[in-house]
Amino acid sequence: MSGLRGQFSSRLGFILAAAGSAVGIGNLVGFPVMAAKNGGAAFLIIYIAFVALVCFPVMLAEIAMGRASQKNPVGAFYALSDKSRVWGRVGGLAIVTPFMIAVFYSVITVWITLYMLQSAFGNLDRLAEPAAFGEIVASPTLFIYLFFTLGLVYIILSGGVRDGIEKAAKILMPLLFLMLLALVVFVMTLENSGAGISYYLIPDFSKINSTVVRSALNQAFFSLSLGMGILITYGSYFSRDEKIVNSTRLVAVTDTAVAFFAGLLILPAIFAINPDVDVQGLSDSSVSLIFSYLPQLFLEMQTFLGYTGASIVATVFFVLVFFAAITSLVSITEIPISWMVDEKHYSRRKALGVMGVVAGAFIILATMSLGMVGWLSSLVTYGGNSKSFFDVIYDLFYDTVLPLMGFLVCIFCSYRWKRSEFMNEVGEGDEKYLSSILCAYVSFSLATFIPLILLLVFANNVAQIYFGFNLLGF
């Protein structure tokens, strides 16, 4: 079975693939926006603390589950719980969740594809029009870009773990870093960019409040793609000859570095174009920022770059986001495929075919729910707002289920899977780890305050999204 499932050829392959799964729209746009609206450097410091103290232990738990079981999330929960049907169903939730997340993420990736190509073709002025995004997402021509995007994902996944996922990560992730750094260097040369750099890097601790803390925790957990089953699945492809702790640390550092440099790109750019910008007035939505605000920001660069120069900068940025979106989408889609290969004993080609047909149907419905079909665009109402089919998938599986899955992983590793076996798996080949302070911290935190934090995040998200009030009272 291991030969059928495949395995990463090297530690670097695992790190780049796992980092690729985590690095996405949340890092490149969501993080800079949250940093801008929540005190800049103060938010950055708290975010890094949460990555290290809360997210890192959960990452270790998910990867250890995958490597110990050599299974997808369903198989991992089932095997490590001595074949408990209840925990097997929890694993099932970790299959349905990435499947549905892949649906809405595919739609967003299609939009990115369109904006990337349109910028390259010299249509930046059209993309910058206030009504452009609403017209684009409601246009049937979007399906042309959909087939292109899904075809690329299929080609990558059809290559398997080494020749598909790993090879794509080894190409796309270095390119992503190089383009991001190039854009950062360029933006730093712009007049007035220093104001954005200062806001982002010089902390004002008076800005720290409960909202900043809550926003940093949400951003840290979601940006690392925890609770999706990705790291469980990728952990099952991870060699037993490699050290989990060191590799996981590099994945976390890589993901955080991308978020950090994305902030160093977006914030100085915003201040350079408009030194008097009201950062609190920025939209909370990453989608709104990418497809409405940033095209306008890039177009304003024509004042000192010319239209062609502004279009080139916009194109490079959208290529950057496209690479991040593709690596994340490939990782998310791999989870249900791995389940079909492991549990249903499908060939990889058959699993890809089934995934393409079933997910394709949901993706088409989600695409049509954004202005093309009335009843899909106003499917239900909750929390005082009318929601489309796309909105329902996002709210239910991204904002609601992910912290719940993180909580269940903590409970499972601490109380159902024998804790000694869990810690031994993490410390496999790393004798110093088992007697380290880190080992003691991971064991204690996963059994105590981390699951409580994630349960509180889950409960508060449910209260806010579905009932329209803040459970925490701030």
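A few notes on this one:
- Distance distribution note for the stretch 12-165: the fraction of Cα pairs above 25 angstrom is 51%.
- In the full protein context, the stretch 139-180 carries 49 Å² of accessible surface per residue, based on a 1.4 Å probe and ignoring ligands, DNA and RNA.
- The stretch 357-456 gives an Rg/Rh value of 1.24, both radii derived from C-alpha positions and Rh following Kirkwood.
- Reducing the stretch 1-61 and the stretch 189-246 to their Cα centroids gives an inter-centroid distance of 6 Å.
- Near residue 296, once Lys and Arg are set to +1 and Asp and Glu to -1 for all other residues with Cβ below 11 Å from its Cβ, the sum equals -3.
- One decimal place: the segment residue 211-residue 358 gains 49.0 nm when fully extended, by the rule 0.36 nm per residue minus the C-alpha distance.
- Measuring between their Cα centroids, the stretch 292-363 and the stretch 444-474 lie 30 Å from each other.
- Here the Karplus relation 6.51 cos²θ - 1.76 cosθ + 1.60, evaluated at θ = phi - 60°, turns the backbone of the stretch 265-276 into coupling constants of 8, 6, 5, x, 5, 4, 5, 5, 6, 9, x, 9 Hz, with x for every Gly and Pro.
- MRE, 222 nm, helices only [DSSP H, n ≥ 4, -39500 (n - 2.57), over the chain, to nearest 500]: -22000 deg cm²/dmol
- For the stretch 73-83, 3J(HN,Hα) computed residue by residue from phi via the Karplus equation (6.51, -1.76, 1.60; θ = phi - 60°) reads x, 4, x, 5, 4, 5, 5, 6, 9, 6, 6 Hz, glycine and proline entered as x.
- Where Rh is the Kirkwood radius over Cα pairs, Rg/Rh for the stretch 1-72: 1.10
- Once the Cβ-Cβ distance of residue 448 and residue 48 is raised to the sixth power relative to R0 = 25 Å, the FRET efficiency obtained is 0.70.
- Cα convex hull volume per residue for the stretch 6-47 (Å³): 76
- Here the chain is scanned for GluC sites (Glu not before Pro) in DSSP loops (not H, G, I, E, B) that have at most 11 other Cβ atoms within 10 Å, and the longest stretch holding none of them is 192-430.
- Tilt relative to the chain, helix 142-158 - C-alpha long axis, 0 to 90 degrees, to 10: 30
- Taking the longest Cα principal axis of the chain as reference, the axis of helix 11-22 is set at about 60 degrees.
- Dividing the C-alpha radius of gyration of the stretch 431-470 by 2.2 N^0.38 Å, with N its residue count, gives 1.77.
- Backbone amide hydrogens, once placed in the peptide plane, bring residue 382 within less than 5 Å of 387, excluding anything fewer than 5 places away on its chain.
- Compared with the dominant Cα axis of the chain, that is its longest principal axis, helix 85-120 is turned about 20°.
- Residue-level accessible surface for residue 154, protein heavy atoms, 1.4 Å, Å²: 100
- Alpha carbon Rg of the stretch 29-118, scaled by the compact-globule rule 2.2 N^0.38 Å: 1.50
- What the Cα convex hull of the stretch 168-263 gives, in volume per residue, is 131 Å³.
- Rolling a 1.4 Å probe over the protein heavy atoms of the chain, with every protein chain left in place, gives an accessible area that is 65 percent carbon and sulfur.
- Surface accessible to a 1.4 Å probe, residue 163 within the full protein complex, Å²: 100
- Positive dipole terminus of the stretch 286-368, leading residue within 346, 291, 311 (C-beta point charges): 346
- About its Cα centre, the chain has a charge dipole of approximately 1360 debye under the convention of +1 per Lys or Arg Cβ and -1 per Asp or Glu Cβ, with nothing else charged.
- Among the listed pairs 37/207; 243/344; 170/350, those beyond 20 Å (Cα-Cα): 243/344; 170/350
- Multiplying each eigenvalue of the alpha-carbon gyration tensor of the chain by 5 and taking the square root yields semi-axes of 34, 26, 22 Å, largest first, rounded to whole angstroms.
- Most to least accessible of 10, 119 (protein chains only, probe 1.4 Å): 10, 119
- Förster radius 35 Å - calculated FRET efficiency between residue 385 and residue 274 (Cβ-Cβ, nearest 0.05): 0.70
- Sequentially through the stretch 195-205, phi angles give Karplus couplings (6.51, -1.76, 1.60; θ = phi - 60°) of 5, x, 5, 5, 4, 7, 10, 9, x, 10, 5 Hz, Gly and Pro residues having no value and appearing as x.
- Distance from the stretch 153-181 to the stretch 381-399 (C-alpha centre basis), Å: 31
The values are calculated or read from the model by the stated rules, or taken from the named source; none is laboratory data. The shown structure was predicted, so the numbers you read here are calculated from the model rather than taken from an experiment. Glycine gets a Cβ as well: all are built from the backbone with ideal geometry, and neighbour counts include every protein chain shown. SASA here: full protein model, heavy atoms, side chains in, ligands and nucleic acids out. Shrake-Rupley method; radii C 1.70, N 1.55, O 1.52, S 1.80 Å.
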